[in-house]
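The values are calculated or read from the model by the stated rules, or taken from the named source; none is laboratory data. Just so we're clear, the structure is a prediction, and the values are computed from it rather than from any experiment. Don't worry about glycine lacking a Cβ; one is built from the backbone with ideal geometry, like all the others, and counts go over all protein chains shown.
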Amino acid sequence: MKITQARVIVCCPGRNFVTLKIETDAGLHGVGDATLNGRELAVAGYLQNHVLPCLIGRDPQQIEDIWHYLYKGAYWRRGPVTMSAIAAVDTALWDIKAKIAGQPLYQLLGGRSRTGVMAYGHATGRDIAETVEEVLRHKEAGYRAIRAQSGVPGLEKVYGVSTQGRLYEPADAALPSEHDWDSSKYLRHTPRLFEAVRGAVGEDVHLLHDVHHRLTPVQAAQLGRSLEPYRLFWMEDPTPAENQEAFALIRQHTTTPIAVGEVFNSIWDCKTLIEKQWIDYIRTTVTHAGGITHLRRIADLAALYQVKTGSHGATDLSPICMGAALHFDTWVPNFGLQEYMPHSELMLSVFPHDWRFERGMLYCGESPGHGVDIDEQLAARYPYQRAYLPINRLQHDGSLHDW
Ligand code: GCO
Ligand code: MG
């Protein structure tokens, strides 16, 4: 079997998505997600100019060899652009391989380990009362795990909180919008938020929170400790993780579980965090971490240290990534939790899919492959629109801070 054609499809049905479609001489095709929020065209260009010419004529069944051909063959290893491009190829090839076998993808990975995939939803409000209301609404809808974020008094815009009352989409402007930040205000407010949320929702729901890389290690340790009475399922991205050693300090001071890794793109980004058991959940997912082939390596390393998966599932990952991730989650022995941030109806119609959400659980489908495709004609009606993620400045003097 040979790859006959490969093309990159960029579309914006409400937000930008980069999709790779690979076709074969057997009449089968596969698709992969290559979306890198705010840097979409860099990955599209990398694929278009440097990857696709090398794929034509290759046997699509040689997934492992093609992965290393693209990784080692580039000489310039790792990085979000390279790894998202490799991930898209890898996802499309797994899709093709499973279609050849006539099996849903999870069967090729080793079969089903669970009946469904536990998902967490986002409860967000402009203040504590609104967030509590949203948490209760999610509980009512069947969610067993809920992430709670709220506006902070004295700060105008906060990560995760929509000011227009619609679904939150952080890449909200053609040039980066500017947010203001004050860690002291946030550190005072967040324990109050969780005191109210835990009081209202009771004991049976898992609660989560995303710090979004904003604290120093010692501030993160303070926050983790102050949240212990409310028994969080996890505290996410408490501090930036380029320096993996930073997590030793957080770990010394708090037993609040820690989830990290949505911005990681390889096993090397989390090797020390996992081996030292400084984290409890690894947030890498298919698109940004080199596809199914590489994600499996990360999950296997994590399993040795009882670290579980907690895959990123924001809307900047396309429904293709979600489909592939759900097959992965259905198989992976050390599964923890899957993030679920629903796409709009329009986005879902551009990507016909067989996965579904039902009362707090996600289920992959049973059709051959990963079960997601792209409607190219519909996608063509929604061309790329430049959109950036925001930046953050300290409120008191305008210094650039982590967003
Ligand atoms: C999450 C993430 C996202 C990111 C987004 C950036 O936990 O879901 O933090 O909301 O901000 O993926 O592109
Ligand atoms: Mg996050």
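Restricting attention to the stretch 208-222, and to residues there that are more than 15 Å from ligand 2 (Cβ to nearest atom) and of a type in the set (A, V, I, L, M), which single residue is nearest to Asp182 (Cα to Cα)?
For the stretch 208-222, the residue satisfying everything is Val218.
So, in the stretch 78-137, of the ones that are within 16 Å of ligand 2 (Cβ to nearest atom) and among the hydrophobic types (A, V, I, L, M, F, W, C), which residue ends up farthest from Val197 (Cα to Cα)?
The extreme case among them is Ala119.
Quick check on my filter: what residues within the stretch 138-169 are farther than 16 Å from Val211 by Cβ, within 16 Å of ligand 2 (Cβ to nearest atom) and β-branched (Val, Ile, Thr)?
Ile146 - this is the single residue of the stretch 138-169 that is farther than 16 Å from Val211 by Cβ, within 16 Å of ligand 2 (Cβ to nearest atom) and β-branched (Val, Ile, Thr).
Return yes when Asp210 is closer than 28 Å to Pro80 by Cα, at pLDDT 95 or above and either touching an Asp or Glu at 6+ places or on another chain (Cβ under 7 Å) or surrounded by fewer than 18 Cβ atoms within 10 Å (Cβ to Cβ) (or both) and no when it is not.
Yes: the conditions hold for Asp210.
Does the stretch 303-321 hold any residues that are more than 18 Å from Thr272 (Cβ to Cβ) and either more than 16 Å from ligand 2 (Cβ to nearest atom) or assigned to a loop (DSSP other than H, G, I, E, B) (or both), and which are they?
Hits for the stretch 303-321 are His312, Gly313, Ala314, Thr315, Asp316, Leu317, Ser318, Pro319, Ile320.
Taking only the stretch 302-328 into account, find how many residues are touching a residue at least 60 places away in the same chain (Cβ under 8 Å), within 16 Å of ligand 1 (Cβ to nearest atom), closer than 11 Å to Thr285 by Cα and touching a Gly at 6+ places or on another chain (Cβ under 9 Å).
The total comes to 2.
What is the number of the single condition among (1) within 21 Å of His122 (Cβ to Cβ); (2) more than 16 Å from ligand 1 (Cβ to nearest atom) that Ala246 does not meet?
Against the list (1) within 21 Å of His122 (Cβ to Cβ); (2) more than 16 Å from ligand 1 (Cβ to nearest atom), Ala246 comes up short only on (1).
Is there any pair linking a residue in the stretch 258-278 that is free of Cβ contacts under 8 Å to residues at least 60 places away in the same chain and more than 9 Å from Ile298 (Cα to Cα) to one that is of a type in the set (Ser, Thr, Tyr) and more than 16 Å from ligand 1 (Cβ to nearest atom), with Cβ under 7 Å and at least six apart or on different chains, and which?
Close Cβ pairs (under 7 Å, with a partner that is of a type in the set (Ser, Thr, Tyr) and more than 16 Å from ligand 1 (Cβ to nearest atom)) amount to Ile274/Tyr305; Glu275/Tyr305; Gln277/Tyr305.
In the stretch 235-245, what count of residues is obtained for those that are more than 22 Å from Met83 (Cα to Cα) and either surrounded by 19 or more Cβ atoms within 10 Å (Cβ to Cβ) or within 16 Å of ligand 2 (Cβ to nearest atom) (or both)?
4
Which pairs have Cβ atoms under 6 Å, sit 6 or more apart or on different chains, and link a residue in the stretch 173-191 that is in the same structural domain as Gln219 (by TED's automatic domain parsing) to one that is assigned to a loop (DSSP other than H, G, I, E, B) and modelled with pLDDT under 95?
The qualifying pairs are His179/Lys157; Asp180/Glu156.
Take the residues in the stretch 17-40 that are of a type in the set (S, T, N, Q) and more than 14 Å from ligand 1 (Cβ to nearest atom), then tell me which one is farthest from Leu348 (Cα to Cα).
Thr24
Can you name the residue in the stretch 329-343 that is more than 13 Å from the chain's Cα centre (by Cα) and among the aromatic types (Phe, Trp, Tyr) and is also farthest from ligand 1 (Cβ to nearest atom) among such residues?
Trp331
Return a yes/no flag: does the stretch 323-341 have any residue that is in a loop (DSSP other than H, G, I, E, B) and farther than 20 Å from Arg114 by Cα.
yes
Any idea how many residues of the stretch 109-160 are touching a helix residue (DSSP H, G or I) at 6+ places or on another chain (Cβ under 7 Å) and within 28 Å of His294 (Cβ to Cβ)?
So the count comes out to 8.
Please count how many residues of the stretch 265-293 are within 16 Å of ligand 1 (Cβ to nearest atom) and either among the β-branched types (Val, Ile, Thr) or in contact with a Pro (Cβ under 9 Å, 6 or more places away or on another chain) (or both).
10
Taking the stretch 270-288 on its own, how many of its residues are farther than 15 Å from Leu337 by Cα and either within 14 Å of ligand 2 (Cβ to nearest atom) or out of contact with any strand residue (DSSP E or B) (no Cβ under 9 Å at 6 or more places or on another chain) (or both)?
Of the residues in the stretch 270-288, 6 are farther than 15 Å from Leu337 by Cα and either within 14 Å of ligand 2 (Cβ to nearest atom) or out of contact with any strand residue (DSSP E or B) (no Cβ under 9 Å at 6 or more places or on another chain) (or both).
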